[in-house]
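The values are calculated or read from the model by the stated rules, or taken from the named source; none is laboratory data. As the structure is a prediction and not an experimental result, all values here were calculated from the model. Positions of Cβ are backbone-derived with ideal geometry, glycine not excepted, and every protein chain shown enters the neighbour counts.
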Amino acid sequence: MSRATLAVILSKLALFPKPNTTLEQYPTPSEAAATILWDAHIKGLLAGKHVLDVGAGTGILGIGALILGAKVTFIEIDERLKEIIQENIKRMHEEVEFNDDYEIIIQDATKGLPPADLALTNPPFGTKERHADKAFLEAIFTATPECYSFHKTATEHFLTDWLRRQGITLIQTYPFTFNLPKTMMQHQKAAHHVAITCLHTRKDL
Ligand code: SAH
């Protein structure tokens, strides 16, 4: 397995059949997912660890973690996606061998999460509900000490200031450009290319 192979495999996952725009359902591009998964992998944060995929959607982040040897709990509010995640895991078994050590929990992620070693999240960016991603981080850091989370770069400083005040350390940032659908733009602009930053953060105990 290499980062490039992982990106190719993850690009074969099924996408949202009928995206719910209020829930900001938008899949992480497979290249971006593979980049942060590979980073977590080489830092020793996946193999043998319990990982949460918070707001799992079609499961790309958690499935990548499963492939790289983690036990994964998928948390998603939209019950329609349970079957899609299961189908996607089956699809990946045709590509690569890995253990089926996972659970899918249908619930609101902001209402509490099971304890784990690491969280991966591409949360709603807060286009529909202001600071929805901050509510995700709040829930995550009551359950796990460490997190990779995707955000609009425009909100990065607001979030990193807030994280610092919570005693959470910014370890690394990863810049990406996502091609977001119009429904996820604040002012329905024609331009779809949006700067996104993934934050790797840790709460020191
Ligand atoms: N993590 C996936 C999906 C990102 S889109 C990926 O990287 O491709 C954001 C996801 O969060 C959607 O699937 C949406 O249904 C889910 N979601 C939105 N609000 C939520 C909440 N309060 N609790 C749990 N999941 C939520």
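Here are the numbers for this structure:
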quantity	calculated
Of all residues in the range 1-28 being assigned to a loop (DSSP other than H, G, I, E, B) and among the β-branched types (V, I, T), the one that is farthest from the ligand (Cβ to nearest atom)	T21
Per-region count, the range 29-54, residues buried (at least 24 other Cβ atoms within 10 Å of the Cβ) and either within 13 Å of the ligand (Cβ to nearest atom) or β-branched (V, I, T) (or both)	7
Filter pass, A34 being closer than 21 Å to V194 by Cβ, small (G, A, S) and modelled with pLDDT of 95 or more	yes
Tally, over the range 79-106, of residues that are crowded, with 16+ Cβ neighbours inside 10 Å and closer than 14 Å to P17 by Cβ	5
Pairs, first within 16 Å of the ligand (Cβ to nearest atom) in the range 74-101, second of a type in the set (S, T, N, Q), C-beta under 7 Å, six or more apart	I75/Q107; I77/Q107; D78/N20; L81/T58; I84/T58; I85/T58; N88/T58
Qualifying residue in the range 125-135 (condition: in contact with a helix residue (DSSP H, G or I) (Cβ under 6 Å, 6 or more places away or on another chain), modelled with pLDDT of 95 or more and within 14 Å of the ligand (Cβ to nearest atom))	yes
Condition check for H151: loosely packed, with under 13 Cβ neighbours inside 10 Å and either modelled with pLDDT of 95 or more or more than 24 Å from P19 (Cβ to Cβ) (or both)	no
Options T110, T121; residue that is near the ligand (Cβ under 10 Å from one of its atoms), touching a Cys at 6+ places or on another chain (Cβ under 9 Å), among the β-branched types (V, I, T) and in contact (Cβ under 8 Å) with a residue 24 or more places away in the chain	T121
Of residues in the range 55-73 being within 14 Å of the ligand (Cβ to nearest atom) and part of a strand (DSSP E or B), the one surrounded by the fewest Cβ atoms within 10 Å (Cβ to Cβ)	T73
Single residue of K152, K203, K182, K134 found to be among the charged types (D, E, K, R) and touching a residue at least 60 places away in the same chain (Cβ under 8 Å)	K203
Tally, over the range 90-140, of residues that are closer than 25 Å to R202 by Cα and in a strand (DSSP E or B)	8
